[in-house]
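The values are calculated or read from the model by the stated rules, or taken from the named source; none is laboratory data. A quick note: this is a predicted structure, and the numbers were derived from the prediction, not measured. Here the Cβ positions follow ideal geometry from the backbone for every residue, glycine too, while neighbour counts run over all protein chains shown. Quick note on the areas: whole protein, heavy atoms, side chains included, nothing else; ligands and nucleic acids left out. Shrake-Rupley method; radii C 1.70, N 1.55, O 1.52, S 1.80 Å.
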Amino acid sequence: MNTKRIALLTVYAVIAVASMVGIINANSDRAEFIIKASIQASTQDEDYVGLLAFKEYVEQASEGRVHVQLYSSGQFCGGVPECIGNLQKGVLEMFPTTAGGTGNFFAPAQVLDLPYVFDNDKQAQCVLDGPILSKMRSTVLERNLQIRLMGVTNTGGWRNFATTSKAIHHPQDLVGQKIRTTPAKIQQELVRQLGANPTPVSWAELYTALATGVVEGSKNGIQDIIGAKLEEHLKYIVLDGHSYMAALWWFSEPVWQSLPKDIQGIIEQGFVRQQKAANDLVFNQEANSYTLFEKAGGTVYRPTPSEKQAFKDASKNMRQWFKDNYGDDWLTLLETSVAQCATDAS
């Protein structure tokens, strides 16, 4: 971890500790409202840094009426089903899921995990701040899932294929490899279409699975790899950039409806600060994390345009797979949003 990241995390940690003891904000005993936010990642993760920015703003802007409690490393709830269930019951207020994880309770969200859709961070963020986010929010509310989509942050850069003992330069190199995925159907299908063997493994078990050969590779962002010390086993990364690491942040709808309008507005503005802090950290640290990977003995391969196209061609049936399973409305909205953002950027 470099000096800049240490300094940033230290500043936020001081703010968090100070608020807990009442130096900056009123303590929880005096607050009218308690917001509990949980993440599966550690305190070194961009998700946590974003939450610290959220906590600082919300507690100050509400003048102590709101107290934000942060739970990292799965301390509050152990996995997506449990955490989402806690949101629905109003036991927990905030929790993030990846696009694939969201597919466990809202399948159309997997459209955001279709491979090779986005060309760069700016385009991805443009799409994820646009109509597709609004439609997801309204559809989830209409289905009475009792959770509200607040917005999206970057949670680790871009997903790339990383392996323990075999360098991947072409999609053919993945054939037969045991690649760790989440339980999300779309992630398993992508690995399958590229000729590899999808192997669902929980995040908590991935380090051991790599060490023991249960899996021979994974598809994660470099921030997550370094944060979990997976570079101790993963030795090759190909920068195919098959998907953008988006974290969809959910708020308990029963709790939301119980909050005054002014507090709702403060929470919404708090998320704006949260999004910026998380995205900035990922953007500023991504290159450094690749350097740390190489210093640990790893090799980073940057595919040529023709090699990158080969990955796209090998996975071209993913869109048809999505359409067959979930219809074409979400796919059409995604494609039109990508096109609009490309036009706006030109």
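Observations on the model:
- Cα-based Rg and Dmax for region 115-270, where Dmax is the largest Cα-Cα distance (Å): 18.3, 56
- Label-point separation, R30 to T304 (7 Å along Cα→Cβ), nm: 6.6 nm
- A straight chain from V175 to Q320 at 0.36 nm per residue would run longer than the Cα-Cα distance by 50.1 nm.
- Restricting the calculation to alpha carbons of region 35-88 gives Rg and Dmax of 11.8, 34 angstrom.
- Evaluated with a Cβ-only charge set (Lys, Arg +1; Asp, Glu -1), region 128-180 carries a dipole of roughly 160 debye about its Cα centre, given to the nearest 20.
- Extending 7 Å from Cα along the Cβ direction at D119 and again at E232 yields two label points whose distance is 4.1 nm.
- Distance (nanometres) between label positions extended 7 Å along Cα→Cβ at A296 and K276: 3.2 nm
- Given charges at beta-carbon only (K, R positive; D, E negative), |dipole| of region 250-346 in Debye: 300 debye
- Given in Å, the Rg to one decimal and the Dmax to the nearest whole number for the Cα atoms of the chain are 20.0, 61.
- Pairwise FRET efficiency - T139 versus K261, Cβ, R0 = 30 Å, nearest 0.05: 0.80
- Once the Cα atoms are used to define both axes, helix 80-89 deviates from the longest principal axis of the chain by about 30 degrees.
- Of K55/K185; K36/K323; K36/K276, pairs whose Cα-Cα distance is over 26 Å: K55/K185; K36/K323
- Taking 17 Å as the cut-off, the amide N atoms of region 105-144 that come nearer than this to a point 7 Å along the Cα-to-beta-carbon line of D329 belong to 106-112, 131-144.
- Ranked from largest, the principal axis spans of the Cα set of region 111-163 equal 40, 25, 17 Å.
- Axis angle, to the nearest 10 degrees, between helix 305-314 and the longest C-alpha principal axis of the chain: 90 degrees.
- Charge dipole (Cα centre; +1 on Lys/Arg Cβ, -1 on Asp/Glu Cβ; no other charges) of the chain amounts to roughly 360 debye.
- Among M150, M318, the sequence by solvent-accessible area, most first, with a 1.4 Å probe is M150, M318.
- For region 153-245: Kirkwood Rh in Å [reciprocal of mean 1/r, alpha carbons]: 12.8 Å
- Built from the Cα atoms of region 247-346, the convex hull projects on average onto 11.2 nm², one quarter of its surface area.
- Intensity falloff of region 97-186 expressed as log10 I(q)/I(0), Debye formula with alpha-carbon point scatterers, at q = 0.10, 0.14, 0.22 Å⁻¹: -0.34, -0.62, -1.21
- Tilt relative to the chain, helix 329-345 - C-alpha long axis, 0 to 90 degrees, to 10: 90 degrees
- Region 221-263: projected area of the alpha-carbon convex hull, averaged over directions, in nm²: 5.3 nm²
- With DNA, RNA and ligands ignored, accessible area of E142 (1.4 Å probe; Å², nearest 10): 150 Å²
- Between the listed residues G103, Q88, W256, the Cα displaced farthest toward the positive end of the dipole of the chain, a dipole computed from Cβ unit charges relative to the Cα centre, is found at G103.
- Inverse mean reciprocal Cα-Cα distance (Kirkwood Rh) of region 44-171, Å: 16.9 Å
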